[in-house]
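Down below is the structure, laid out as structure tokens.
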Amino acid sequence: MESRGDEVIPRHPKRSKPTNPAHFSSILSQDSVLPMPNLPTELILEILLKLPVKSLLQFRSVSKSWLSLISNPEFVKAHLSLSASNKNYTHHGVMVKVSTKSVFVVKDCSLRSLLYHPVTEAFDLDYPGKSPNHYLWFVGVVNGLICFSIRLFDGLYDLFLWNPSIRKYKKLPNFRLDVSRRYYLDGHVNFKFGFAYNELQDDYKVVGIFPIYTRGHLSRVEVKIYSLKRDSWRCIDDFRRQERLAGSAKFVNEKLHWLDKQWNIISIDLADEKWAELERPSCFKQYVFLKLGVLGGDLSASFIYASSHADVWVMKEYGVKESWTKIFTTKSPGYPMAHPLHPTILTSNEGELLCLFGGRLMKYNTKDNMISYLDVTNFGPCLEAEIYVESLICPFSQQG
């Protein structure tokens, strides 16, 4: 494995540009087979930084100098920063898990097309570890890297870090639990994982939460953390809750968040690896479901009331209970309880919500409660959806 720390940047990078254009000018003039345009280096860089990853990858065959440029950590960081902050979503994709003919497949489509075009085409993705008999879960997305787990026949999991934009991936080493398999196999469906980036340590991490059962009863919960820099798992002992966690982890403010069975928000700090409980909004009625999400970089909570509506709250100032703010209420499009409302995937620049209802992607206008179902070809019932930004980030060397 190859880990180059200065290629790794925070989940919500600040807008930046390469700080030494003269350095890049020397790179571009080294051995290029193409004549250098008579343009200032700063202008060339500005053009290149706005190109999608697919276009930039075509420069790999031009010369070693162009390959050196698009692999340069400073360029990679600046490109991701500009792509993530693009308000037209030109460099954003939506990865979805779709059920077709009793087989689960992963598809990809353009976020910009979903929001602004009448018809969007979804494309099948040939992800690492793909098998028609395996079940895949998205764990999380950070800096264009997607972490996902695949449940194997024996009830265990393979975990992958994958950059679909450049088709590189890493299969994580297997985690080992300090018990015989018979003590946790019945509870394997309750394994939970979370994917995060620790900026201070400049390291990508995966947190695994494993309930351990004895004679069908939960006896303890084991927690392990994987470090990409160390390429290994290790146990942490701070988790003292004798209960399972629910839902998928949400990464906000250098912390991963889950719900417990009482709908409390539980977090782990990636810096000191300590667990804490985050206070929920105090002003809400009796709800049926609670789901966590991330909107605009802030932690969100969707309080879902049967099949009627959902109140969506956002914590404007992390860790401050009084900063919880209800930003909108979404009404159910009429699905029965078998299809509960899902958290909002995105709030667009126009204030429309991209949501997942009953296996379909839709746009929801909070001003008039109008719902627009999205026309997506080569699609099927959608089970999960994750937004990612195209990036050149590659803190590992495995080729997909």
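The values are calculated or read from the model by the stated rules, or taken from the named source; none is laboratory data. Worth saying up front: this structure is predicted, and the values here are computed from it rather than measured. When we count neighbours, we look across all protein chains shown, and the Cβ atoms used for this are built from the backbone with ideal geometry, even at glycine. Only protein heavy atoms, including side chains, enter the accessible area calculation; ligands, DNA and RNA are left aside. Shrake-Rupley method; radii C 1.70, N 1.55, O 1.52, S 1.80 Å.
Screening ASP124 with (1) in contact with a Lys or Arg (Cβ under 8 Å, 6 or more places away or on another chain); (2) farther than 21 Å from MET362 by Cα; (3) acidic (Asp, Glu) gives one miss only, at (2). A Cβ distance below 9 Å, combined with a sequence gap of six or more or placement on separate chains, defines the contacts here; from segment 274-287, residues that are at pLDDT below 85 reach residues that are in a loop (DSSP other than H, G, I, E, B) in the pairs TYR287/TRP263; TYR287/ALA306.
Checked against the criterion of being at negative phi, at pLDDT 85 or above and surrounded by fewer than 18 Cβ atoms within 10 Å (Cβ to Cβ), the candidates LEU383, LEU392 yield just one match: LEU383.
Entry remark, segment 101-118: residues being in contact with an Asp or Glu (Cβ under 7 Å, 6 or more places away or on another chain) and within 17 Å of SER372 (Cα to Cα) number 1 in total. Set side by side, the residues LEU111, LEU82, LEU56 differ, and just one is touching a residue at least 60 places away in the same chain (Cβ under 8 Å), open to solvent by 10 Å² or more (accessible area, probe 1.4 Å) and under 23 Å from TRP162 (Cβ atoms), which is LEU82.
If we scan segment 172-188, do we find a residue that is within 24 Å of the chain's Cα centre (by Cα) and modelled with pLDDT of 90 or more? Yes. Among the residues of segment 114-146, write down those that are over 28 Å from LEU228 (Cβ atoms) and open to solvent by less than 30 Å² (accessible area, probe 1.4 Å). Of everything in segment 114-146, those that are over 28 Å from LEU228 (Cβ atoms) and open to solvent by less than 30 Å² (accessible area, probe 1.4 Å) turn out to be LEU114, LEU115, THR120, ALA122. Could you please let me know if VAL8 is open to solvent by less than 70 Å² (accessible area, probe 1.4 Å) and modelled with pLDDT of 60 or more? No: the conditions fail for VAL8.
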